[in-house]
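A.B. asks: What follows is a single structure, and I will ask about it in a moment.
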């Protein structure tokens, strides 16, 4: 089930939201300060963020802006600040939706469920491998608070690996995949160049690749299992 980060310092509101979301089956990471929320973002896979604005350790708009720079996770601002200027500030920081206090918990849950139901349509367009979730239509990858995007050539190569995990692919096989749409053939150096670029974007340590491993004299292998069609939200 999807994971939700709840950043709300008012204890009664926090408990009420956490209770009803967990009752719906969601995993809820509850934080009362921006510092606690940052820790969850670093350590957990978050599918949706619900953020109050005014918190004991500051205004969360800067936090939202920083998250948005690295991730496309859905963000809902939850606040008593209901002025037009406040809402504009939330959207400009990177929020996707805005709910003002007081609010109905039932309506709130319907809104959360509606977001996740819409995203079920993208299930078959996602491949999970290791820490990464590869979004095939969007040509990007998300994992542990990071997001990577790819060039057309990098993506062609990456999809070839994802479609043949644990299988050694020769340079010739990879080159054939990288034929330009207009029939222009890329040279062998393009393989090495794009392998290096992919490693820079997805490997935890480039010098110790866990995903794209070189098999001496034979080619390359995607050394992680791939799960297609897994429900991934956010």
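The values are calculated or read from the model by the stated rules, or taken from the named source; none is laboratory data. Keep in mind that this is a model prediction, so the values were computed, not measured. All Cβ positions, even for glycine, are placed from backbone atoms using ideal geometry, and neighbour counts span all protein chains on display.
A.B. asks: Checking the condition in contact with a helix residue (DSSP H, G or I) (Cβ under 7 Å, 6 or more places away or on another chain), farther than 19 Å from residue 37 by Cα and not assigned by TED's automatic domain parsing to the domain that holds residue 138, which residue from 95, 80, 89 passes? Spell out the reasoning first.
C.D. replies: Working: 95 fails: farther than 19 Å from residue 37 by Cα; 80 fails: in contact with a helix residue (DSSP H, G or I) (Cβ under 7 Å, 6 or more places away or on another chain).
When all the criteria are applied, what remains is 89.
A.B. asks: Then there's this: What tally of residues in segment 53-68 results from selecting those that are within 14 Å of residue 32 (Cβ to Cβ) and assigned to a helix (DSSP H, G or I)?
C.D. replies: So the answer is 1.
A.B. asks: Another one. Give me a count of the residues in segment 1-48 that are within 21 Å of the chain's Cα centre (by Cα) and farther than 19 Å from residue 115 by Cα. Break it down stepwise before answering.
C.D. replies: Within segment 1-48, the subset within 21 Å of the chain's Cα centre (by Cα) is 1-7, 21, 25-31, 34-48.
Of the ones still in play, those that are also farther than 19 Å from residue 115 by Cα are 30-31, 34-44.
Summing the residues that are within 21 Å of the chain's Cα centre (by Cα) and farther than 19 Å from residue 115 by Cα in segment 1-48 gives 13.
A.B. asks: I'd like the full set of residues that are assigned to a helix (DSSP H, G or I) and either modelled with pLDDT of 95 or more or surrounded by 12 or more Cβ atoms within 10 Å (Cβ to Cβ) (or both), limited to segment 177-191. Break it down into steps so the answer makes sense when it comes.
C.D. replies: Filtering segment 177-191 for residues assigned to a helix (DSSP H, G or I) gives 177, 188-191.
If the condition is that a residue be assigned to a helix (DSSP H, G or I) and either modelled with pLDDT of 95 or more or surrounded by 12 or more Cβ atoms within 10 Å (Cβ to Cβ) (or both), then 177, 190, 191 are the ones that fit.
A.B. asks: When you check residue 100 against the structure, is it surrounded by fewer than 18 Cβ atoms within 10 Å (Cβ to Cβ) and either touching a strand residue (DSSP E or B) at 6+ places or on another chain (Cβ under 8 Å) or modelled with pLDDT of 90 or more (or both), yes or no? Before you say what the answer is, go through the steps one by one.
C.D. replies: On the way: surrounded by fewer than 18 Cβ atoms within 10 Å (Cβ to Cβ): yes; either touching a strand residue (DSSP E or B) at 6+ places or on another chain (Cβ under 8 Å) or modelled with pLDDT of 90 or more (or both): yes.
For residue 100, the condition - surrounded by fewer than 18 Cβ atoms within 10 Å (Cβ to Cβ) and either touching a strand residue (DSSP E or B) at 6+ places or on another chain (Cβ under 8 Å) or modelled with pLDDT of 90 or more (or both) - is met.
A.B. asks: For residue 6, all conditions in the list (1) without any contact (Cβ under 8 Å) to a residue 40 or more places away in the chain; (2) closer than 28 Å to residue 133 by Cα; (3) not in a helix (DSSP H, G or I) hold save one; what is the number of the exception?
C.D. replies: (1)
A.B. asks: On the basis of being in a helix (DSSP H, G or I), crowded, with 17+ Cβ neighbours inside 10 Å, in contact (Cβ under 8 Å) with a residue 12 or more places away in the chain and on the phi < 0 side of the Ramachandran plot, does residue 18 make the cut?
C.D. replies: yes
Residue by residue, here is whether (1) out of contact with any helix residue (DSSP H, G or I) (no Cβ under 9 Å at 6 or more places or on another chain); (2) surrounded by fewer than 22 Cβ atoms within 10 Å (Cβ to Cβ); (3) modelled with pLDDT of 95 or more holds:
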{"residue": "5", "(1), (2), (3)": "no, no, yes"}
{"residue": "12", "(1), (2), (3)": "yes, yes, no"}
{"residue": "28", "(1), (2), (3)": "no, yes, yes"}
{"residue": "32", "(1), (2), (3)": "no, yes, yes"}
{"residue": "35", "(1), (2), (3)": "yes, yes, yes"}
{"residue": "44", "(1), (2), (3)": "yes, yes, no"}
{"residue": "49", "(1), (2), (3)": "no, no, yes"}
{"residue": "58", "(1), (2), (3)": "no, yes, no"}
{"residue": "65", "(1), (2), (3)": "no, yes, no"}
